[in-house]
Each structure stands twice: as structure tokens, then as C-alpha cells.
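Novice: This is the structure, below, for whatever I ask next.
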Amino acid sequence: MEANGKGPQSFPELKNDTFLRAAWGEKTDYTPVWCMRQAGRYLPEFRETRAAQDFFSTCRSPEACCELTLQPLRRFPLDAAIIFSDILVVPQALGMEVTMVPGKGPSFPEPLREEQDLEHLRDPAGVVSELSYVFQAITLTRQQLAGRVPLIGFAGAPWTLMTYMIEGGSSSTMAQAKRWLYQRPQASHQLLRILTDAVVPYLIGQVVAGAQALQLFESHAGHLGPQLFNMFALPYIRDVAKRVKAGVQKAGLAPVPMIIFAKDGHFALEELAQSGYEVVGLDWTVAPKKARDLVGKMVTLQGNLDPCALYASEEEIGQLAQQMLDDFGPQRYIANLGHGLYPDMDPEHVGAFVDAVHRHSRLLRKN
């Protein structure tokens, strides 16, 4: 699984490790900040790069992914880069067709309907070779970053991937996927195990290729209540962390911090804090002080400004960022949004957010 024959020793030395130190719970001079979907359509240069290309063709081009990953770093002094890719490359690698429909989002022409459909999925062991283009993108980007900031790799969590594969796209209720949980619990667990067996080597492969941190996106946690979450999401979230860490160690690589982001999973914060991840990402519906009380001092928190706050004036963005930093406190904290940037957001306002975090967090530490 050696990516392009390049070991980590051939990467440029890291100059800014603030994000990694915060993730590991070490003291930092200021609060590091990055934004989910920072490589995205809110940047005119992103739209130019992507203009003529199909979305998944872009994902399969290491050069394009590298360029899109680096674009926000040319504009803003962010403290981490996140590789440009998509969580749905995993279902693709398992043999499902996925297209990106403009204005609608991802679409699976043939979603999973019956238990028998699981037999048509490819062996998850083959995912690593199918997704070599992601590893190439990571290695190339890590070289091009020249040590400026760490590079984050990511994957979708099993339950979230399952929802897309059964719903055939986005859904406001996830009723079809949840019907499986109630009517076909065994087949649901079988599918979740297949997805876990695909996600684990995929994430290990990202570290081998040069990723310095990993984020697991459980974007559809909020469609489950505590019971279903504890049965069908949490065990696999835990399993991913445990197996990825063991695999990274077995590959002879230094450990990397892992982030779990379970959107609308506020009911499971304590469980998530004990699920084997160094960082728990929060959406904007969670009060920072309450979250800190629930998770204790043993994990780093990441988040959680409402993305729509970036529609406010630059001055107000500064005040909101300041309030957020005051609430989270100076250490064991990574600033971010509570979800990804939207395409119609003003890049200047993203810059105002990043600058406010850096400025105020330095002041906080002086006082």
C-alpha cells in the first residue's frame, strides 16, 4: 500500500504544526482555524478550475485535487488544508454508480433496494486499489504544500454512506435507509460492516500517502435518535478509529490525530468523546460550554460557528468569532464552522473569520 513508492521521509518539513498540536491537546500560541468545504465553489478560482469538468472526473485527477486544495491557502492564512475529494468515492469503489447532478447533488441511478443487492457490491478489500487516485492527490498535495500547514484526509462514516446508497441521493427524512434499520437489521449490519471494511484501509492508505490528520464525517447522525445511533452508527465509528490506529502503527507510521464530526449528533457527545478520536467536531446547534462539560478535558473540540454567520458584516463576524473563542476557551480547541461553507459566500468574509480567530485567540492568551 506504499503510495507512489514515496515514504513520509521525502516530504518537506512542517513549518506550522499549530493545528496538530491542538488536536493532540498540547498548548498552542493561538487557536488554529480551518473551514469545512474551504476548497469550494465560493472561490471564483475554484469555479474556473472546475468549469468544464464533471465533478467525479475532477476527484479522479490528482492535479486538479491538488490545485483545488491549495486555492484557499493562497488567499487565507488557514492552519490546515483538507484534500479535495468526496465521501461518495467509497460507494463508487464498491461498484455503485454515482453522478453529481447540477443543482440537485449526488444521484445513484440504482440504489440498494433489496438485501440481495448487497451481493453485487465489490469486495471492500479492493477499495484501496480503486481509490489510488486519492492517494496520488494526497502525496502530490503534501509535496506542493511544502510544509506550510498539515494536510487532512477524510472519509464518510458507514451510516452516512449507507444512507446515500439506499436513498439514492439526498433525503430530508432518510426514511428508506431507516426502514432498513427497522425491517432488515441484519442486512443493515452486514452493509455497515462492508462499509467499515472499505473505509478502514482507505483511511490508512491516506496516511501512508501523506495525510497528517483524518476526519470522519457522520453527516447524517441527526436522523438517528440515541437508540439507533448507539446500535447502527457508534459501533462502526469506534471500530474505524481502533482499526485505523492499529493499521497506521502496523505500517510503521507515526500516529495521526483523528476527528469525528457527527452533524446534529448532540445527543451522543459523551459517547463520541469516548469513541477513540482525539477531536470531536461540533455543529452550530451545540453550546460550546455545554459541550465542554459533556466531553470533559480529554478531547479537543472543533467548531462551530454557524456557516450563515458569514453572511453578516465583517465587523459582526469578528464579534461572533470572539464570542465563540471566549466560550470554548484557549486550549484543546480548533476553530471551524459548524458545517461547510456555502457556494454563495463572500471570500472576504471567510478571510475576516480566519483573521478574527487568530487575532482574538492571541489576545485571550495574553490576558
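The values are calculated or read from the model by the stated rules, or taken from the named source; none is laboratory data. Just so we're clear, the structure is a prediction, and the values are computed from it rather than from any experiment. Ideal geometry is used to build each Cβ from the backbone, glycine not excepted, and the neighbour counts take in all protein chains shown. Remember, those area values only see protein heavy atoms, side chains included, never the ligands or the DNA or RNA. Shrake-Rupley method; radii C 1.70, N 1.55, O 1.52, S 1.80 Å.
Novice: Checking the structure you have, find out if any residue of segment 211-219 is under 19 Å from the mean Cα position of the chain (by Cα), in contact (Cβ under 8 Å) with a residue 12 or more places away in the chain, surrounded by 22 or more Cβ atoms within 10 Å (Cβ to Cβ) and assigned to a helix (DSSP H, G or I).
Specialist: So far as segment 211-219 goes, no, none of its residues is under 19 Å from the mean Cα position of the chain (by Cα), in contact (Cβ under 8 Å) with a residue 12 or more places away in the chain, surrounded by 22 or more Cβ atoms within 10 Å (Cβ to Cβ) and assigned to a helix (DSSP H, G or I).
Novice: Ok, one more. Tell me yes or no: at least one residue of segment 113-120 is open to solvent by 30 Å² or more (accessible area, probe 1.4 Å), of a type outside the set (Lys, Arg), in contact with a helix residue (DSSP H, G or I) (Cβ under 6 Å, 6 or more places away or on another chain) and farther than 21 Å from Ala335 by Cα.
Specialist: yes
Novice: Let me ask something else. Give segment 317-333 a look and list any residue that's within 19 Å of His349 (Cα to Cα) and in contact with a strand residue (DSSP E or B) (Cβ under 9 Å, 6 or more places away or on another chain), or say none.
Specialist: Residues satisfying the conditions are Ile317, Leu320, Ala321, Met324, Leu325.
Novice: Got a sec? Which of Lys178, Lys104 is basic (Lys, Arg), at pLDDT 95 or above and open to solvent by 10 Å² or more (accessible area, probe 1.4 Å)?
Specialist: Just a single option satisfies the conditions, and that option is Lys178.
Novice: Provide a single number: the residues in segment 228-260 that are of a type outside the set (Gly, Ala, Ser) and open to solvent by 30 Å² or more (accessible area, probe 1.4 Å).
Specialist: Summing the residues that are of a type outside the set (Gly, Ala, Ser) and open to solvent by 30 Å² or more (accessible area, probe 1.4 Å) in segment 228-260 gives 12.
Novice: Of everything in segment 19-40, what is in contact with a strand residue (DSSP E or B) (Cβ under 8 Å, 6 or more places away or on another chain), assigned to a loop (DSSP other than H, G, I, E, B), of a type in the set (Phe, Trp, Tyr) and over 17 Å from Leu341 (Cβ atoms)? Give them in sequence order.
Specialist: Listed by number, the list holds a single entry, Trp24.
Novice: Taking Arg148 and the conditions (1) closer than 24 Å to Ala241 by Cα; (2) touching a strand residue (DSSP E or B) at 6+ places or on another chain (Cβ under 9 Å); (3) open to solvent by 80 Å² or more (accessible area, probe 1.4 Å), which numbered condition does it fall short on, given that it satisfies the others?
Specialist: (1)
Novice: While we're on this one: Which numbered condition in (1) open to solvent by 60 Å² or more (accessible area, probe 1.4 Å); (2) at pLDDT 95 or above; (3) among the basic types (Lys, Arg) is the only one that Lys6 fails?
Specialist: Unmet for Lys6, out of (1) open to solvent by 60 Å² or more (accessible area, probe 1.4 Å); (2) at pLDDT 95 or above; (3) among the basic types (Lys, Arg): (2).
Novice: While we're on this one: Answer with yes or no whether Ala198 is farther than 21 Å from Gly303 by Cα and either touching a Lys or Arg at 6+ places or on another chain (Cβ under 7 Å) or open to solvent by less than 30 Å² (accessible area, probe 1.4 Å) (or both).
Specialist: For Ala198, the condition - farther than 21 Å from Gly303 by Cα and either touching a Lys or Arg at 6+ places or on another chain (Cβ under 7 Å) or open to solvent by less than 30 Å² (accessible area, probe 1.4 Å) (or both) - is met.
For every residue, the table says whether it meets (1) in contact with an Asp or Glu (Cβ under 7 Å, 6 or more places away or on another chain); (2) more than 19 Å from Ala64 (Cα to Cα); (3) open to solvent by 10 Å² or more (accessible area, probe 1.4 Å).
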| residue | (1), (2), (3) |
| --- | --- |
| Gln136 | no, no, yes |
| Gly153 | no, no, no |
| Thr160 | yes, yes, no |
| Tyr164 | no, yes, yes |
| Arg184 | yes, yes, yes |
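Novice: Let me ask something additional. Exactly one condition in (1) touching a Pro at 6+ places or on another chain (Cβ under 8 Å); (2) more than 25 Å from Pro72 (Cβ to Cβ); (3) open to solvent by 20 Å² or more (accessible area, probe 1.4 Å) is not met by His358; state its number.
Specialist: The one condition His358 does not meet is (2).
Novice: Look through segment 80-97, keep the residues that are open to solvent by less than 10 Å² (accessible area, probe 1.4 Å) and more than 15 Å from the chain's Cα centre (by Cα), and return whichever of them is nearest to Ala356 (Cα to Cα).
Specialist: Checking each candidate, the answer is Pro91.
Novice: Another question about this same structure. Can you pull out the residues in segment 121-134 that are hydrophobic (A, V, I, L, M, F, W, C), surrounded by 15 or more Cβ atoms within 10 Å (Cβ to Cβ) and over 17 Å from Ser57 (Cα atoms)?
Specialist: Matches in segment 121-134: Leu121, Val127, Val128.
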